[in-house]
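The next block holds one structure in the form of structure tokens; read it before the comments.
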Amino acid sequence: MTTFAGKTVFVSGGTSGINLGIARHFAGEGAKVFVISRDPNKVGAAVEELRALGAEADGMSADVRHYDQVEAALADCAAKFGQIDILVSGAAGNFLARAEKISSNGFRAVMEIDVLGTHHVMHAAFPHLKKPGAVVFNISAPQGSVAMVGQSHVCAAKAGIDMLTRSLALEWGPLGIRVNSVSPGPIADTEGQKRLVPDPKAVEERVNSIPLKRMGTLDDVSELVSFLASDKASYITGAVIPVDGGTTLNPTPTRMAQFLDG
Ligand code: HXC
Ligand code: NAP
């Protein structure tokens with residue numbers, strides 16, 4: 001019997017990188033997994049990969065900025081796999097730009113994917129969440145608590161997500177639903193890192209700024225999520241939990257400013 005056998009897991013943005021790592025972990029632990037993202041090819045490939053692990057898996061192309069699409073995906077997930085035990089809101093957008101270079105539409109894009117998208121996922125999931133017992137994760141970042149050059153939009157968005165986490169933990173705690181943010185530091189070989197540290201020569205400097213002197217791995221993140229989803233963490237809610245090698249203590253990727261300034 002595997003740890004999450006029979007549980008239903010829904011992951012927004014679960015078709016690549018960190019979120020797919022989380023989906024893979026739950027699939028390997030016996031869960032039924034449903035993933036969404038915009039690109040239907042990524043959805044198809046992720047579902048195939050999860051099924052190859054032996055899991056019941058499905059997915060749908062959906063943009064978290066559009067409530068009707070999110071609602072349809074959650075309804076399909078619940079119809080196929082039953083009530084949702086574990087909900088992960090991980091879809092996000094990021095690019096590196098100084099605030100004065102970010103247009104209204106650029107700022108809006110990130111706020112809508114990250115903050116509005118997280119609200120959409122939690123709101124549309126609510127009728128399908130197992131009560132009591134469901135566990136909700138929002139994927140945050142060090143930017144949610146420390147300022148970073150070229151990341152004003154992401155800092156605002158992730159801070160917003162963390163306040164949604166705390167607010168929903170407060171409102172849903174009495175229903176037996178736990179809500180936490182997981183805040184990964186720089187995770188190797190991900191889209192997020194490619195966008196923040198585009199020059200391979202800067203990776204060494206980035207690693208040196210991390211107290212534990214290494215980038216994180218997909219497993220670092222999914223092991224934390226797995227623990228928090230288990231009964232061992234049944235008294236943890238409303239928390240923003242870093243898995244970042246201490247990045248939040250020393251958030252100064254100095255080279256990022258150089259990419260911005262040429
Ligand atoms: C300034 C930019 C920009 C840039 C895009 N924009 N890139 N502005 N500098 N480098 C502006 C565009 O000019 C446009 O504004 C607006 O953003 C919307 O761009 P679109 O391409 O039309 O939007 P869309 O197709 O919806 O794409 C959203 C996106 C895109 C966020 C811009 O990058 C995306 O889809 N990202 C998803 C994948 C992703 O980002 N993965 C990494 C997540 S990692 P105008 O005014 O011209 O119309 C992450 C890491 C956090 O979040 C922490 C790590 C430690
Ligand atoms: P990624 O591979 O680009 O993952 C982002 C996912 O979200 C993709 O599946 C993407 O697929 C989907 N997505 C983007 N916009 C969407 C939208 N509007 N609607 C639905 N899905 C959408 O990036 P990642 O680096 O692994 O990041 C994953 C999460 O971890 C994000 O929340 C990010 O902020 C967080 N994080 C990352 C790092 C890091 O080091 N990488 C550090 C801290 C936090 P489509 O393109 O198909 O939509």
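The values are calculated or read from the model by the stated rules, or taken from the named source; none is laboratory data. In this text, all values refer to a predicted model and were calculated from it rather than measured experimentally. A quick note on method: Cβ atoms are made from the backbone with ideal geometry, for glycine too, and the neighbour counts reach across all protein chains shown. Accessible surface is based on the protein model in full, side chains and every heavy atom, while ligands, DNA and RNA are left aside. Shrake-Rupley method; radii C 1.70, N 1.55, O 1.52, S 1.80 Å.
Residue ranking by accessible heavy-atom surface, 1.4 Å probe, largest first, among His123, His25 comes out as His123, His25.
Give me Rg/Rg_expected for segment 1-60, where Rg uses Cα atoms only and Rg_expected = 2.2 N^0.38 Å with N residues. Write out the running numbers ahead of the final one.
Working: Rg = 10.1 Å, N = 60, 2.2 N^0.38 = 10.4 Å.
So segment 1-60 has a normalised radius of gyration of 0.97.
Restricting attention to the chain, lysine pairs at least eight places apart or on different chains and with alpha-carbon atoms under 17 angstrom apart total 9. What the Cα convex hull of segment 121-211 gives, in volume per residue, is 122 Å³. Each residue was assigned an accessible area with a 1.4 Å probe, and for Ser104 the value is about 80 Å².
Please compute, over every Cα-Cα pair in segment 60-192, the percentage with a separation greater than 23 angstrom. Provide the component values of the computation, followed by the final result.
Working: 3061 of 8778 pairs.
In whole percent, the share of Cα-Cα pairs in segment 60-192 beyond 23 Å is 35.
Here's the picture: charge each Lys and Arg Cβ at +1 and each Asp and Glu Cβ at -1 in segment 34-175, and of Ser167, Val149, Leu74 the one pushed furthest to the positive end of that dipole is Val149. Once each of the trypsin sites (Lys or Arg not before Pro) sitting in a DSSP loop with at most 13 other beta-carbon atoms within 10 Å is removed, the chain keeps 99-212 as its longest stretch. Near Gly133, once Lys and Arg are set to +1 and Asp and Glu to -1 for all other residues with Cβ below 15 Å from its Cβ, the sum equals +3. Rounded to whole Å, give me the distance from the Cα center of segment 1-69 to that of segment 86-114. Each part reduced to its Cα centre gives a spacing of 22 Å.
Each Lys and Arg contributes +1 and each Asp and Glu -1, all at the Cβ; summed about the Cα centre of the chain, the dipole is approximately 280 debye. Among complete DSSP H helices in the chain, those whose alpha-carbon atoms stretch at least 27 Å along the helix's long axis and whose mean Kyte-Doolittle hydropathy reaches -1.0 are 152-172. Taking the chain as a Gaussian network of alpha-carbon nodes connected by springs under 10 Å, the highest mean-square fluctuation of the residues Val149, Val179, Val43 belongs to Val149. A simple count of charges around Ala27, restricted to other residues whose Cβ falls under 10 Å of its Cβ and scoring Lys, Arg +1 and Asp, Glu -1, yields 0. Can you check what the net charge comes to around Asp244, using other residues whose Cβ is under 13 Å from the Cβ of Asp244 (Lys, Arg +1; Asp, Glu -1)? Value of the local net charge: +3. The modelled label-to-label distance between Arg98 and Asp219, using points 7 Å beyond Cα along the C-beta direction, is 4.2 nm. Surface analysis of segment 63-116 yields an accessible area of 46 Å² per residue, using protein heavy atoms and a 1.4 Å probe. Think of each Lys and Arg Cβ as +1 and each Asp and Glu Cβ as -1; about the Cα centre, that makes the dipole of segment 109-262 roughly 240 debye. By the Cα gyration tensor, the chain has an equivalent ellipsoid whose semi-axes, rounded to whole angstrom, run 29, 19, 18 from largest to smallest. To the nearest 0.05, how large is the calculated FRET efficiency for Asn105 and Asp76 if R₀ is 35 Å and r is the Cβ-Cβ distance? For R0 = 35 Å, the calculated efficiency reads 0.70.
List the chymotrypsin sites (Phe, Trp or Tyr not before Pro) within segment 131-229 that DSSP assigns to loop and that have no more than 14 neighbouring Cβ atoms inside 10 Å. Those that pass, being in a loop and sparsely packed, number zero.
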